[in-house]
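What follows is a single structure, written as structure tokens, with notes after it.
The values are calculated or read from the model by the stated rules, or taken from the named source; none is laboratory data. Just so it is clear, the model here is predicted, and its values are computed rather than measured. When we count neighbours, we look across all protein chains shown, and the Cβ atoms used for this are built from the backbone with ideal geometry, even at glycine. Remember, those area values only see protein heavy atoms, side chains included, never the ligands or the DNA or RNA. Shrake-Rupley method; radii C 1.70, N 1.55, O 1.52, S 1.80 Å.
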Amino acid sequence: MDLVPRILGGDRRAVARLMTLVESGAPEAKKALAELHPHTGKAHIVGITGPPGTGKSTLVDKLALEFLKRNKTVGIVAVDPSSPFTGGAFLGDRIRMSTVAMDKRVFIRSMGTRKKLGGLARGTNDFIRILDAYGKDIILVETVGAGQSEVDIVRTAHTTIIVEAPGMGDDIQAVKAGILEIGDIFVVNKADRDGVERTMRELQTMLELNPDKEGWQPPVMETVARDGVGIEEVVDKAQEHMAYLKESGMLEQGLKQRAELELLAIVREEISRHVLEKGVEREELDALLDRIMQLELDPYSAAEEVLGRLRDR
Amino acid sequence: MRKIRVLIAKPGLDGHDRGAKIVARALRDAGMEVIYTGLHQTPEMIVEAAIQEDVDVIGLSLLSGAHMTLFPRVLDLLRENDAQDIMVTGGGIIPEKDAEKLKGLGMTQIWGPGTPTDEIVTFIKEKMEPGARS
Ligand SMILES: Nc1nc2c(ncn2[C@@H]2O[C@H](COP(=O)(O)OP(=O)(O)O)[C@@H](O)[C@H]2O)c(=O)[nH]1
Ligand SMILES: [Mg+2]
């Protein structure tokens, strides 16, 4: 049976199955996503990122619980790295999400980064869209904050929480990864451990050095996610941030930016596919590559040639 | 491209997940996505996770001897949720006659302790060849 009406009707198996189709690049997934699109736009998307082991999954579990207490339904997407060599992945975030895993109002999906057409952000975007149409009020997206692709994922969120923990080495990891700018809320988790004050202070200092985001001042908060300490305050802040986005018009602006990013990414992907399918045969491509390797041709001119052929056909 | 997704779960009360983790690692190294849910999972938790994660295979690991109650419960719950297309396998200290009984109930394969991980990987891969799953 058609997945779309089942998803809109609240069938979690259909949600799970469409996610699989999306990940495997099945053609019917595109059509289903298109049909779901008018039913999206209601969820508050919260990205949670930071170095491994800081307690992100534990925090997600507790945040979800707090949102449930506030009568919100919750979708969770937990992203872990796939091996670039085998493509396999160990997805262990669910271990820490047992408090909410059995609640009927919660849906949790684990995702490997794989090698995704159109980048990782596209895949998570599609999962978010499905959960949004499925009716989840809050969508929590956990990623390991390490590089550009994670930054891209976070761009799809309305509110970004960056998680640090004391004793993870001398430097603030978010600074190293260059993701300080994208944080709306900073959480120092494992506040039961030594060195919290120092980590809090360092973060605060870094944020002060950073040219401040207009309007919203990112708070630095402490939590003991394992024991549920400080969670209400983080959820308060997240909701406050959403209210701020609405009032300031940033929400609209952000939506437009996001739509543009996504549209252009899809167009780029479709163009490359089109070129590779229609523009050049494999042998022609090999011939071009040969000439580039022999230094007879430069890649820019080769690209011109490929595009030229596409125009002629 | 379709990737094989496997849920490795430990039902029951025993606290040994070394074996489960070794299998999980082997499956990952063979290019599969392994969802690991940790210790002390109830059959309800296992089936719910399997459905949300849309896995192809469930691997149950159990050393406590409660396999004759917990494994059939997982099979029942899958059927109740109309999810009997998910392949269920198991590992642990399970007597031959129990293993036969469990297979009769719908488990696809049971492995004893010390089964080479290669054997498990090959078995799952063969079962998951295109067309093998509805
Ligand atoms: N001491 C302490 N440990 C915590 C806290 N929150 C999580 N942990 C532990 O930190 C480890 C990693 O947690 P996890 O949520 O998997 O981190 P992730 O890799 O960032 O998702 C686990 O052993 C957790 O039990 C906390 O507030 N205090
Ligand atoms: Mg995690």
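Here are the numbers for this structure:
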quantity: Matching residues, the stretch B:38-60, being part of a helix (DSSP H, G or I), farther than 18 Å from B:GLY15 by Cβ and either without any contact (Cβ under 8 Å) to a residue 24 or more places away in the chain or facing chain A (nearest Cβ under 7 Å) (or both); calculated: B:GLU44, B:GLU48, B:ALA49, B:ILE51, B:GLN52
quantity: Hits in the stretch A:267-280 - residues which are open to solvent by less than 100 Å² (accessible area, probe 1.4 Å) and modelled with pLDDT under 85; calculated: A:GLU269, A:GLU270, A:ILE271, A:SER272, A:ARG273, A:HIS274, A:VAL275, A:GLY279, A:VAL280
quantity: Qualifying residue in the stretch A:69-90 (condition: in a helix (DSSP H, G or I) and within 19 Å of B:GLU48 (Cα to Cα)); calculated: no
quantity: Pairs with Cβ under 7 Å, 6+ apart, first in the stretch A:221-247 and on the phi > 0 side of the Ramachandran plot, second in a helix (DSSP H, G or I) and modelled with pLDDT of 95 or more; calculated: A:GLY228/A:LYS62
quantity: Filter result (more than 9 Å from ligand 1 (Cβ to nearest atom), buried (at least 21 other Cβ atoms within 10 Å of the Cβ) and among the charged types (D, E, K, R)) within the stretch A:81-104; calculated: A:ARG94
quantity: A:LEU8 vs. criteria in contact (Cβ under 8 Å) with a residue 24 or more places away in the chain and surrounded by fewer than 21 Cβ atoms within 10 Å (Cβ to Cβ); calculated: yes
quantity: Residue check for A:PHE107: in a strand (DSSP E or B) and away from ligand 2 (no atom under 16 Å from the Cβ); calculated: yes
quantity: Residue in the stretch A:60-80 that is small (Gly, Ala, Ser), surrounded by fewer than 18 Cβ atoms within 10 Å (Cβ to Cβ) and not assigned by TED's automatic domain parsing to the domain that holds A:ARG17 present; calculated: no
quantity: Residue, nearest to the chain's Cα centre (by Cα), within the stretch A:13-49, restricted to residues that are open to solvent by less than 30 Å² (accessible area, probe 1.4 Å) and under 18 Å from A:HIS158 (Cβ atoms); calculated: A:GLY47
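Let's see how each residue does on (1) at pLDDT 90 or above; (2) buried (at least 20 other Cβ atoms within 10 Å of the Cβ); (3) part of a helix (DSSP H, G or I):
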residue: A:MET111; (1), (2), (3): yes, yes, no
residue: A:LYS115; (1), (2), (3): no, no, no
residue: A:ILE128; (1), (2), (3): yes, yes, yes
residue: A:LYS136; (1), (2), (3): yes, yes, no
residue: A:VAL141; (1), (2), (3): yes, yes, no
residue: A:ALA146; (1), (2), (3): no, no, no
residue: A:ASP152; (1), (2), (3): no, no, yes
residue: A:ALA157; (1), (2), (3): yes, yes, no
residue: A:THR160; (1), (2), (3): yes, yes, no
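Residues checked against (1) within 14 Å of ligand 2 (Cβ to nearest atom); (2) touching a Leu at 6+ places or on another chain (Cβ under 9 Å):
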{"residue": "A:LEU33", "(1), (2)": "no, yes"}
{"residue": "A:HIS39", "(1), (2)": "no, yes"}
{"residue": "A:GLU66", "(1), (2)": "no, no"}
{"residue": "A:GLY92", "(1), (2)": "yes, no"}
